[in-house]
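The values are calculated or read from the model by the stated rules, or taken from the named source; none is laboratory data. Every value quoted in this text rests on a predicted model; they were computed, and no experiment measured them. FYI the Cβ positions are ideal-geometry reconstructions off the backbone, even for glycines, and counts take in every protein chain you see. Side chains are part of the model used for accessible areas, which takes the heavy atoms of the whole protein and leaves out ligands, DNA and RNA. Shrake-Rupley method; radii C 1.70, N 1.55, O 1.52, S 1.80 Å.
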Amino acid sequence: MIDIIAGLKGHGKTKVLIQKANDDIKLTKGTIVYLDKNNKHMYELSNQIRLIVVPEYNITDTDMFIGFIAGIVSQDHDLDKIYLDSFLTIAFIEDNMAYAIQKLEELAKKFEVSFVISASAEKDSLPESVQQYVSVSL
């Protein structure tokens, strides 16, 4: 499953994402991973949530990012959800968002992992194939 929180920069997407992650950790029996572009929100997340600062891993394009996500999924069989904050930045999305979402959807179905994504864009500006995944538009 893919769930996208869309909205322009500064509209509160990260706050919603952090709240969802903190609420979900209380309900899940599995593990939760939170990927971000920095560790600025480290103290806002439950200490049971694994925070990964993506730029520390020298990822340079979308395919490397998808491979990185596949590696995270492969190493934790109890993984329930992956939260992706600042998705357009950490995944190097330019005009390839539909491609990236398709690859994440394939991983989600195959390994029964959910992705919750924040994207700094209005819902209407996202590719049509991606708009169906938007659950919150700020």
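With the condition kept exactly as written, say whether any residue in the stretch 89-100 is under 17 Å from residue 20 (Cβ atoms) and touching a Leu at 6+ places or on another chain (Cβ under 7 Å).
Kept after step one, since they are under 17 Å from residue 20 (Cβ atoms), are these residues of the stretch 89-100: none.
Taking every residue of the stretch 89-100 in turn, none turns out to be under 17 Å from residue 20 (Cβ atoms) and touching a Leu at 6+ places or on another chain (Cβ under 7 Å).
Within the group 25, 4, which residue is open to solvent by less than 40 Å² (accessible area, probe 1.4 Å) and within 24 Å of residue 124 (Cα to Cα)? Working first, answer last.
Values: 25 fails: within 24 Å of residue 124 (Cα to Cα).
The conditions single out 4.
Are any residues in the stretch 19-34 under 21 Å from residue 68 (Cβ atoms) and either touching a helix residue (DSSP H, G or I) at 6+ places or on another chain (Cβ under 7 Å) or not in a strand (DSSP E or B) (or both), and if so, which ones? Spell out how you get there, then give the answer.
Narrowing the stretch 19-34 to residues under 21 Å from residue 68 (Cβ atoms): 21, 30-34.
21, 30, 32, 33, 34 - these are the residues of the stretch 19-34 that are under 21 Å from residue 68 (Cβ atoms) and either touching a helix residue (DSSP H, G or I) at 6+ places or on another chain (Cβ under 7 Å) or not in a strand (DSSP E or B) (or both).
If you check every pair at least six apart or on different chains, which have Cβ atoms under 7 Å apart with a residue in the stretch 7-25 that is over 19 Å from residue 45 (Cα atoms) first and a residue that is assigned to a helix (DSSP H, G or I) and open to solvent by less than 30 Å² (accessible area, probe 1.4 Å) second?
Within 7 Å, the pairs are 7/13.
Scan 64, 42 and give me the residue that is of a type in the set (A, V, I, L, M), out of contact with any helix residue (DSSP H, G or I) (no Cβ under 8 Å at 6 or more places or on another chain) and farther than 21 Å from residue 23 by Cα.
Details: 42 fails: farther than 21 Å from residue 23 by Cα.
Result of the check over 64, 42: 64.
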